[in-house]
1. Provide Rg and Dmax in Å for region 24-107, with only Cα atoms included in the calculation.
2. How much FRET efficiency would the formula 1/(1 + (r/R0)^6) give for Thr75 and Ala39, where r is the Cβ-Cβ distance and R0 is 25 Å, rounded to 0.05?
3. List, in order, the whole-Hz ³J(HN,Hα) value for each residue of region 31-36 obtained from phi through the Karplus relation with A = 6.51, B = -1.76, C = 1.60 and θ = phi - 60°; use x for Gly and Pro.
4. Amide H to amide H under 5 Å from Gly32: which residues, 5+ apart in sequence or cross-chain, H placed 1.01 Å off N in plane?
5. Collect residues whose amide H, placed 1.01 Å from N in the peptide plane, falls under 5 Å from the amide H of Val83; neighbours closer than 5 in sequence don't count.
6. Mind checking the full-extension length gain between Ala98 and Arg47? Use 0.36 nm per residue of separation minus the Cα-Cα distance, one decimal, nm.
7. Can you tell me the order of 77-84, 49-56 when each peptide is scored by its average per-residue count of other Cβ atoms within 10 angstrom, highest first?
8. With θ set to phi - 60° and the Karplus curve 6.51 cos²θ - 1.76 cosθ + 1.60, what are the ³J(HN,Hα) couplings of region 39-55 in order, to the nearest whole Hz, using x for Gly and Pro?
Amino acid sequence: MLKRGTLAVCLLAALMATLAVVPSASASPFCGGQWVNNASACFGAARALSGANAYGTSTGVCVGASGTAGTCAPTNQFAVVNVPYGTYVPWVGGTASALTQTWGNTWP
């Protein structure tokens with residue numbers, strides 16, 4: 001039979017090993033610095049996500065995940081889309097014919 005101290009150390013080691021293999025819950029960027037407008041969108045790589053946001057520097061943008069469209073937002077404000085957790089292709093497009101530089105992020 002294991003002593004309490006030994007059992008606690010084993011449980012702590014198992015917890016640390018589990019945390020080492022769990023992916024982090026940080027944001028994943030897409031379309032960083034790309035130029036888009038209302039006729040051209042930027043698509044990120046497919047990934048597991050539950051939401052995405054993006055903004056444009058000189059015009060507004062709209063954001064989406066695969067076939068789901070999210071919100072549109074004016075210049076330098078975040079457009080957001082929330083979807084059930086799964087694998088999607090995040091995208092961002094402009095709201096005007098003028099080009100805008102855009103940055104987007106997704107989260108699990």
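Here, each number is a calculation from the coordinates, and none is a lab measurement. On a predicted model such as this, the values are computed, not experimentally measured, just so you know. We place every Cβ from the backbone using ideal geometry, glycine too, and count neighbours over all the protein chains shown.
1. 11.3, 38
2. 0.90
3. Residue by residue, region 31-36 yields 6, x, x, 6, 9, 9 Hz.
4. Those qualifying (amide H under 5 Å, at least 5 residues apart or on another chain) are Gly104.
5. For Val83, whose amide H was placed from the backbone, the distant partners under 5 Å are Gly51.
6. Here the segment from Ala98 to Arg47 would lengthen by 15.5 nm.
7. 49-56, 77-84
8. These are the phi-based 3J(HN,Hα) values: 10, 9, 10, 10, 10, x, 6, 4, 7, 6, 7, 10, x, 8, 9, 7, 9 Hz.
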